[in-house]
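*Asks:* Structure in structure tokens, see below.
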2 protein chains.
Amino acid sequence: MQLQFLGTGAGMPSKDRNTSALAVKLLEECGSIWLFDCGEATQHQILHTTIKPRKIDKIFITHLHGDHIFGLPGFLSSRSFLGGEELLTIYGPKGLQQWVEQTLKLSNTHVTYSIAFVEVEEGIVFEDSQFIVRAMPLEHVIECFGYRIEQKALPGELLIDKAIQLGVPKGPLLGKLKVGYDITLDDGSIVLSKEVTSELKEGFTVTILGDTKFCSNAITLAEKADIVIHEATFDHSTIELAAQYGHATNTEAAKVAQLANAKYLILNHISARFLKSDLIPFLKEAQEQFPNTFIANDQTQYEWRQHQLHEL
Amino acid sequence: MQLQFLGTGAGMPSKDRNTSALAVKLLEECGSIWLFDCGEATQHQILHTTIKPRKIDKIFITHLHGDHIFGLPGFLSSRSFLGGEELLTIYGPKGLQQWVEQTLKLSNTHVTYSIAFVEVEEGIVFEDSQFIVRAMPLEHVIECFGYRIEQKALPGELLIDKAIQLGVPKGPLLGKLKVGYDITLDDGSIVLSKEVTSELKEGFTVTILGDTKFCSNAITLAEKADIVIHEATFDHSTIELAAQYGHATNTEAAKVAQLANAKYLILNHISARFLKSDLIPFLKEAQEQFPNTFIANDQTQYEWRQHQLHEL
Ligand SMILES: [Zn+2]
Ligand SMILES: [Zn+2]
């Protein structure tokens, strides 16, 4: 699983940080990419990556502030120009669908693919055989959601030597055992799937939070997550301002990760108020609370590999 | 008068050319800037200039295609963040006001200044003591306007030595003569304003056209203009495609400038199909028809000085 930050700023673009967007490549094999938020010029940021807009098949919007959605109409239009033909599903708060449809209509934009909209409410917003995505409301100045992506447990591997030792012939019976069926051999003996497969492998969990004050739902969504991406618009010295504006600080984000027993924290949605040199103490302050903390930067990529987070 | 091209591409942003926007600084003295079109990431382009968003007090939109308007909500929001307090007037086709208002409402964007909307129709869309702006419809796939900005003639200068020679005393009578009044001296002799002032100085005319096929209204708007900014999405080899998509070629733009007896032509809205190396023959082809032709590039600036166009 890879995370590619496309915009890590707050409120307004700056030369260093664009407005919010994060691309998540869940599995190398399937090639599909999910986008979380789509601030203005997200498509411009994508021009500087290897991401193909047509590969993005789900967009999750946390909330309707401009710095999280104003890039959506342009992205949708360009995805069409660039040959996107597959269904795109957009998950987001009430009101998003109407605005997107009105905007495409007004601008006479006819896209070459279908768009499905899912109006997000608390609960499961997506599930297939591999993943489950849950949403919960956060505490911002407008309705805002956090998302938790859980990869389902992976089937164990077939212990082929052991199966052959028990008399299973090479061929289709091995396949049955691998996917969980018990079998009976010609000699009447029974071989249980669990005898000849390793244990289920736990999947990863990544929690992507929209703009929020320090709040309990953030902790719930981040519970034992491998990676938590939390906004940090303010630092500890401006903690009162943070709450007032519906935002969190670096140390509050760290506290969420700590209370949730998460494994890694990435600070995101960083105000342009912080200069590059400010970010060293900014990060240190968070790490004092929660050591496994990173700061997201535009165009940085992370990979989840062997239960560890690697910055690429 | 200065022109600063912020986006010179067609349809979609590329690494080299952003979607449409052009900043026009009419007069050094007044400091106000007019923006023509506002494609996505226009505010990002502005970050790389000395332009202050609050100095932009008029925005003229040619048409409602996404590559000409999707940067408007983000620009309006940031102009507010950055301390804009003065009235902003937006001129554009029917439907623009409703979309802007809905978008600001949906995204809970409260700007610190007032926005006035003027729904553009053929005719005079703006006039004050110094400038007059006329609009005419062009021929595109949707309603699209071209704008012609005429600076009004400037009063001649007072020939002070000549006035004194004729017996005019230093003082308020000189001021009267300067602004056009004839005066009677104490000895009964009459001094005519035109005797002691130089001739009216003609102002400049700049024509800024939206997306269009080769069309007669473009020629009318460009009539004897000092500078004509015309789209050139295609080149001469693809002239049939151009008309089919409601666009023009480099040579058609040159023909408009030629038939209009314009002074200078700037080709704009250049397709990403043309590589950098293609632009040399692309320009040459137009110059064969109309020698005083330039190609607009993102962030290039032009200055109108002493009746000539200078690239800065
Ligand atoms: Zn935000
Ligand atoms: Zn266009």
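The values are calculated or read from the model by the stated rules, or taken from the named source; none is laboratory data. Since the structure is predicted, the reported quantities are computational estimates derived from the model, not experimental observations. As a convention, Cβ positions derive from the backbone with ideal geometry for all residues, glycine included, and neighbour counts pool all protein chains shown. Accessible surface is based on the protein model in full, side chains and every heavy atom, while ligands, DNA and RNA are left aside. Shrake-Rupley method; radii C 1.70, N 1.55, O 1.52, S 1.80 Å.
*Asks:* Mind checking which of A:138, A:76, A:158 has the largest fluctuation in a GNM of chain A, springs on alpha carbons under 10 Å?
*Replies:* So, out of A:138, A:76, A:158, the one fluctuating most is A:158.
*Asks:* Over chain B, what relative contact order in percent results from Cα pairs under 8 Å that are six or more residues apart? Walk me through the intermediate numbers first.
*Replies:* Details: 710 pairs, mean separation 48.8, N = 312.
Taking the mean separation of contacting Cα pairs over the length of chain B, I get 16 percent.
*Asks:* Now, a different point. Looking only at other chains, what is the average number of their beta-carbon atoms within 10 angstrom of each beta-carbon in A:6-18?
*Replies:* Details: counts 0, 0, 0, 0, 0, 3, 8, 7, 2, 3, 0, 0, 2.
Partner-chain Cβ atoms within 10 Å, mean over residues of A:6-18: 2.
*Asks:* In region A:271-312, how does Rg compare with the Kirkwood Rh, expressed as the Rg/Rh ratio over alpha carbon atoms? Working shown, then result.
*Replies:* Details: Rg = 12.0 Å, Rh = 11.8 Å.
Across region A:271-312, the Cα-based Rg/Rh ratio is 1.02.
*Asks:* Hey, another quick one. Under 17 Å from a point placed 7 Å out from the Cα of residue A:182 along the Cα-to-Cβ direction: which residues of region A:147-166 have their backbone N that close?
*Replies:* A:163, A:166
*Asks:* Summing +1 for each Lys or Arg and -1 for each Asp or Glu, what net charge is found among the other residues whose Cβ lies under 12 Å from the Cβ of residue B:309? Please list the in-between numbers first.
*Replies:* On the way: positive: B:263, B:305; negative: B:226, B:303, B:311.
That works out to -1.
*Asks:* Among B:251, B:62, B:109, whose mean-square fluctuation peaks in a Gaussian network model of chain B (Cα, cutoff 10 Å)?
*Replies:* B:109
*Asks:* Now, a different point. In whole angstrom, how far apart do the alpha carbon centroids of region A:266-282 and region B:212-287 sit?
*Replies:* Distance between centres, Cα-based: 46 Å.
*Asks:* Hey, another quick one. Just order B:219-226, B:26-33 by mean Cβ neighbour count inside 10 Å, highest at the front, would you?
*Replies:* So the peptides B:219-226, B:26-33, ranked by packing, come out B:219-226, B:26-33.
*Asks:* Net charge within 13 Å of residue A:85 by Cβ-Cβ distance, Lys/Arg positive one each and Asp/Glu negative one each, not counting residue A:85 itself?
*Replies:* Details: positive: A:52, A:54, A:55, A:79; negative: A:57, A:86.
Taking every Cβ under 13 Å from that of residue A:85, the sum is +2.
*Asks:* Same structure, new question: If you roll a 1.4 Å probe over the protein assembly as shown with all protein chains in place, what percent of the accessible area is carbon or sulfur? List each step's numbers first, then the result.
*Replies:* Working: 14150 of 28120 Å².
Summing carbon and sulfur atoms, their accessible area is 50 percent of the total for the protein assembly as shown.
*Asks:* Considering the rotational relationship between chains A and B, which residue of chain A contributes the beta-carbon of minimal distance to the axis, and what is that distance to the nearest Å?
*Replies:* Here the value is A:41, 2.
*Asks:* Sticking with this structure for a sec: I want to check the label-to-label distance for residue A:50 and residue A:202. Put each point 7 Å from Cα in the C-beta direction and report it in nm to one decimal.
*Replies:* About 3.0 nm, to one decimal.
*Asks:* Something else: Whole-Hz ³J(HN,Hα) for each residue in region B:143-148, computed from phi via Karplus 6.51 cos²θ - 1.76 cosθ + 1.60 with θ = phi - 60°, x for glycine and proline: what do you get?
*Replies:* Coupling constants for region B:143-148: 3, 8, 10, x, 10, 10 Hz.
*Asks:* Region B:58-145: which trypsin sites (Lys or Arg not before Pro) are DSSP loop and have at most 16 other beta-carbon atoms within 10 angstrom? Numbers along the way, then the final one.
*Replies:* Working: sites: B:58, B:79, B:94, B:105, B:134; in loops: B:94.
Answer by residue number: B:94.
*Asks:* Relative to the other copies, what are the label-point distances for residue B:239, with labels 7 Å from Cα along the C-beta vector, expressed in nm at one decimal and sorted shortest first?
*Replies:* 7.3
*Asks:* Take the alpha-carbon centre of region A:157-205, take the same for region B:90-138, and report the distance between them in whole Å.
*Replies:* Taking the Cα centre of region B:90-138 as reference, the centre of region A:157-205 is 71 Å away.
*Asks:* List, in order, the whole-Hz ³J(HN,Hα) value for each residue of region A:292-305 obtained from phi through the Karplus relation with A = 6.51, B = -1.76, C = 1.60 and θ = phi - 60°; use x for Gly and Pro.
*Replies:* After applying 6.51 cos²θ - 1.76 cosθ + 1.60, I find 7, 10, 10, 10, 6, 10, 4, 6, 7, 10, 10, 10, 9, 9 Hz.
*Asks:* So if R0 is 25 Å, what FRET efficiency would residue A:306 and residue A:223 give, r being the distance between their Cβ atoms, rounded to the nearest 0.05?
*Replies:* The calculated FRET efficiency here is 0.65.
*Asks:* Taking each residue in B:270-279, count the Cβ atoms of any other chain within 10 Å of its Cβ, then average. What number comes out? Walk me through the numbers before you get to the answer.
*Replies:* Numbers: counts 0, 0, 1, 0, 0, 0, 0, 0, 0, 0.
Mean number of neighbouring Cβ atoms from other chains: 0.
*Asks:* When DSSP assigns beta bridges and you keep just the ones with both residues in chain A, what percent turn out antiparallel, to the nearest 5?
*Replies:* Details: 37 of 62 bridges.
Around 60 percent of the beta bridges assigned by DSSP in chain A are antiparallel ones.
*Asks:* Let me ask another. I'd like to check one number: the per residue accessible area of chain A, probe 1.4 Å, reported in Å² as a whole number.
*Replies:* Values: 14070 Å² over 312 residues.
On a per-residue basis, chain A sits at 45 Å².
*Asks:* Please compute the net charge surrounding residue A:205, taking Lys and Arg as +1 and Asp and Glu as -1 over other residues with Cβ under 13 Å from its Cβ. Please list the in-between numbers first.
*Replies:* Working: positive: A:134, A:148, A:152, A:224, A:263; negative: A:150, A:202, A:223, A:226.
Counting the neighbours of residue A:205, the net charge comes to +1.
*Asks:* Can you give the percent of C-alpha pairs in region B:150-211 whose distance is more than 13 Å? Don't skip to the end; give the middle numbers.
*Replies:* Numbers: 1191 of 1891 pairs.
For region B:150-211, the fraction of Cα-Cα distances above 13 Å is 63 percent.
*Asks:* Another question, if that's okay. Show me you know the interface measure: the accessible area buried between B and A, both chains summed, probe 1.4 Å, in Å² to the nearest 100.
*Replies:* Values: alone 15430 and 15460 Å², together 28120 Å².
That pair of chains buries around 2800 Å² in total.
*Asks:* Let me ask another. From zero up to wherever the largest Cα-Cα distance of chain B sits, split into 20 Å bins and tell me the percent of pairs in each.
*Replies:* P(r) over chain B, rounded to whole percents: 32, 49, 17, 2.
*Asks:* Please identify, among B:179, B:120, B:100, the residue showing maximal mean-square fluctuation in a Gaussian network model of chain B using a 10 angstrom Cα cutoff.
*Replies:* Between B:179, B:120, B:100, it is B:179 that shows the largest mean-square fluctuation.
*Asks:* Okay, next question. Rounded to the nearest 5, what is the percent of antiparallel bridges among the DSSP beta bridges in the protein assembly as shown? If you can, show how the numbers build up before the last one.
*Replies:* On the way: 74 of 124 bridges.
Around 60 percent of the beta bridges assigned by DSSP in the protein assembly as shown are antiparallel ones.
*Asks:* On to the next question. Which of rounded, prolate or oblate describes the protein assembly as shown when judged by the alpha-carbon gyration tensor and an a/c cut-off of 1.5? Walk me through the numbers before you get to the answer.
*Replies:* On the way: a/c = 3.27, a/b = 2.10, b/c = 1.56.
Verdict is prolate for the protein assembly as shown.
*Asks:* Over the whole of A:68-81, what's the average partner chain Cβ count within 10 Å per residue? Rounded to a whole number, please. Can you show the working numbers first?
*Replies:* Working: counts 1, 4, 13, 5, 1, 6, 10, 2, 1, 7, 7, 0, 1, 3.
The mean count of partner-chain Cβ atoms within 10 Å per residue comes to 4.
*Asks:* For a quick check: with amide H placed at 1.01 Å from N, whose amide H comes under 5 Å from residue A:89's, ignoring anything fewer than 5 positions away on the same chain?
*Replies:* It is A:58, A:59, A:116, by chain and number.
*Asks:* With the label 7 angstrom out along Cα to Cβ, how close does residue B:167 come to the same site in each of the other copies, in nm, nearest first?
*Replies:* 13.9
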